[in-house]
Amino acid sequence: MAGKPCYEELEQRNQELEAIAARQLNRKNTLEKLFNLSLDMLCVANADGYFQLVNKAFETTLGYSTQTLLDMPYLEFVHPEDKAATLEAAQQLLSGEPLICFENRYRCRDGSYKWLEWTCAPVTDEGLLYAVARDITAHNALQQDLATQRDLLNNILNNVPASVFWKDRNSVYRGVNNRFALDTGCQYAQEIIGETGDDVAWRGEEADFYR
């Protein structure tokens, strides 16, 4: 029959347990620092629709305190027009399917909205959702500005009383206006894009001239 451990053995075991606890605490602190250093928004949410954990980027991006974000259902922050799609995405996650590049708008503390792009992974046995969100508001605004400028340019090109086109180094049409398309006998400019001068209904000397 084994005897009771002596004082020295108990002290050694106690020191080993303290060392293990210290390493675990150090690892936790390291992970927490990394968690809060991320410029992206990192979070954990439960199946009831509440955030369980958010990093500092949530406060920086949306302006709310961490406690406010944890106390309210996350759907309360979603733009009214995006709530139906967000609920559908949540159902997809709860069924065990990951979500990639899902976009919706979140209300900020000042009343404005920011576009967020989400990548989420469910852990069904824990009943939790792990997610990363990126603020793409500036990117979407830039894309909208580019689209507006492109539409303006196309409108100008299609209303000038002259044929306009541009080609690459291989003499392939990369863009034309409506007037040029009509001059070639085509109904739509899109019919010419990707073609060469020899493919368009020109006479031989006209194709050589444009080349």
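The values are calculated or read from the model by the stated rules, or taken from the named source; none is laboratory data. If you're wondering where the values come from, they're calculated on a predicted model, not measured in any experiment. Glycine gets a Cβ as well: all are built from the backbone with ideal geometry, and neighbour counts include every protein chain shown. The accessibility values were calculated without ligands, DNA or RNA, using every heavy atom of the protein model including side chains. Shrake-Rupley method; radii C 1.70, N 1.55, O 1.52, S 1.80 Å.
Arrange the residues HIS79, HIS139 by how much accessible surface each exposes, largest first, with a 1.4 angstrom probe. Write out the running numbers ahead of the final one.
Details: HIS79 30, HIS139 105 Å².
From most exposed to least exposed: HIS139, HIS79.
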- Message: For the stretch 27-135, which GluC sites (Glu not before Pro) pass both filters: DSSP loop (anything but H, G, I, E, B) and at most 16 other C-beta atoms within 10 Å?
- Response: GLU126
- Counting only protein heavy atoms and leaving out ligands, DNA and RNA, the solvent-accessible surface of THR196 at a 1.4 Å probe, in Å² to the nearest 10, equals 40 Å²
- Query: From the phi of every residue in the stretch 36-45, what ³J(HN,Hα) in whole Hz does the Karplus formula 6.51 cos²θ - 1.76 cosθ + 1.60 yield, where θ is phi - 60° and glycine or proline is x?
  - Reply: 8, 7, 4, 6, 7, 8, 10, 7, 10, 10
- Query: When you count, for each residue, the other Cβ atoms within 10 Å and take the mean per peptide, how do 105-113, 175-183 rank with the highest first?
  - Reply: 175-183, 105-113
